[in-house]
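Here is the structure we will look at.
The values are calculated or read from the model by the stated rules, or taken from the named source; none is laboratory data. All values reported here derive from a predicted model rather than from experimental measurement. FYI the Cβ positions are ideal-geometry reconstructions off the backbone, even for glycines, and counts take in every protein chain you see. The protein model used for the area step is the full one, side chains on, heavy atoms only, and it has no ligands, DNA or RNA in it. Shrake-Rupley method; radii C 1.70, N 1.55, O 1.52, S 1.80 Å.
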Amino acid sequence: MQFQQLQYFVAVAETRHFTRAAELVHVAQPSLSQQIKALERELGADLFQRARGNITLTDAGEALLPLARRILADTETARYEVQELVQLRSGRVRLGATPSLCTGLLPDVLRAFHDRYPGIRLLIEEGGSHDLVRGLARGALDLALVVLPLPTPSPALTTVELLREDLVVVSSPEAAKPGAERRTVRIADLERERLVMFRHGYDLRELTVAACRAEGFEPDFAVEGGEMDAVLGFVRAGLGVAVVPRMVAARSGRGLRVTPLARPGLHRTIALAHRSDVAPPRAARELQRMLLER
């Protein structure tokens, strides 16, 4: 008994027509008929009654049909499981993230993932949440780390909250401390500071500017338009202060003074997003699990 013969048998049983069954399994009708006859000879019983073009199952055919379907289903499951394992030995994961998360959150997780699955290529795309959402929608990314709430809520995306992170003020140790000698900086204190500001479309830019406006003033930019590394470099050089995630500030090394924001402070919520209508590949799901369990 061959796997292919069972496929042909099930196709005829479901269509009750040899020609349509042959079309369904993409084989010539004479070949399908020959394989059905070979299966009947091996089993020693007719599987179909062929009376005046009307195809019905015999008792032997009725007994074989559920077994054949189960064998075919188990074979498909076996193929799927093996493919899933192969995907963890080779392949790729396309992950989008904001630049601050690439600096702060991802290095340790990606190192652990690479150590466990060295054959998986990690393709990282940096961008603001708006750009990353578009990348997910057009199928260019498997997963994305985005800042909630999304700039344009999309019912086609599934988001899982990952962490809630405090924002802090960074400045050059050689410059005057923001907020005078207090241990914390109030948003209102930033009215007297010149800010090093991120480019348009950057989540941190929108959040900081909105907080300043809520206090009744427009922030004064000393430099604007940079990515995370550039912003931190400009702050080290004493060009101004910047509002950045605490995780980034902790990883930035020497050359920066870190001052917390006074309560209630500023926070951002990071979520892991993927398309709702398409399951991420196995390797991407494994990276998702490691991010959620970090």
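Numbers for the structure displayed
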quantity: Share of carbon and sulfur in the accessible heavy-atom surface of region 204-294 [1.4 Å probe, %]; calculated: 50
quantity: Alpha carbon centroid spacing (whole Å) that separates region 98-142 from region 222-280; calculated: 17
quantity: Solvent-accessible heavy-atom area per residue, rounded to whole Å², over the chain at 1.4 Å; calculated: 53
quantity: Check: region 225-294 dipole with +1 on Lys, Arg Cβ and -1 on Asp, Glu Cβ, in debye; calculated: 260
quantity: Region 202-273 - Rg over Rh from alpha carbon coordinates, Kirkwood radius; calculated: 0.95
quantity: Among 238, 58, 158 the positive-end extreme of the charge dipole of the chain (Cβ point charges); calculated: 238
quantity: Extreme residue, positive dipole direction of the chain, given options 274, 5, 127 (C-beta unit charges); calculated: 127
quantity: Selected from 160, 12, 86 as most flexible by GNM, with the chain as the system and alpha-carbon contacts under 10 Å; calculated: 12
quantity: Calculated over region 1-145: convex hull of Cα atoms, volume per residue (Å³); calculated: 154
quantity: Equivalent ellipsoid semi-axes - Cα gyration tensor, region 243-294, angstrom; calculated: 33, 15, 8
quantity: Highest-MSF residue in the chain out of 154, 276, 31 [GNM, Cα springs under 10 Å]; calculated: 31
quantity: Largest-first ellipsoid semi-axes for the chain, taking √(5λ) over the Cα gyration tensor eigenvalues, angstrom; calculated: 64, 18, 14
quantity: Cα centroid of region 157-176 to Cα centroid of region 1-67, whole Å; calculated: 65
quantity: Cα gyration tensor shape of region 90-143, rounded if a/c is under 1.5, else prolate or oblate by comparing a/b with b/c; calculated: oblate
quantity: Amide proton proximity set for residue 221, modelled H, under 5 Å, gap of 5+; calculated: 195
quantity: Solvent-accessible surface (1.4 angstrom probe) belonging to residue 37, in square angstrom, nearest 10; calculated: 110
quantity: Phi to ³J(HN,Hα) by Karplus 6.51 cos²θ - 1.76 cosθ + 1.60 over region 18-31, Hz, x for Gly, Pro; calculated: 5, 5, 5, 5, 4, 5, 5, 9, 6, 9, 5, 4, x, 5
quantity: Dipole magnitude (debye, nearest 20) for the chain, charges at Cβ of Lys, Arg, Asp, Glu; calculated: 280
quantity: Region 1-79, dipole about Cα centre (Lys/Arg Cβ +1, Asp/Glu Cβ -1), debye to the nearest 20; calculated: 180
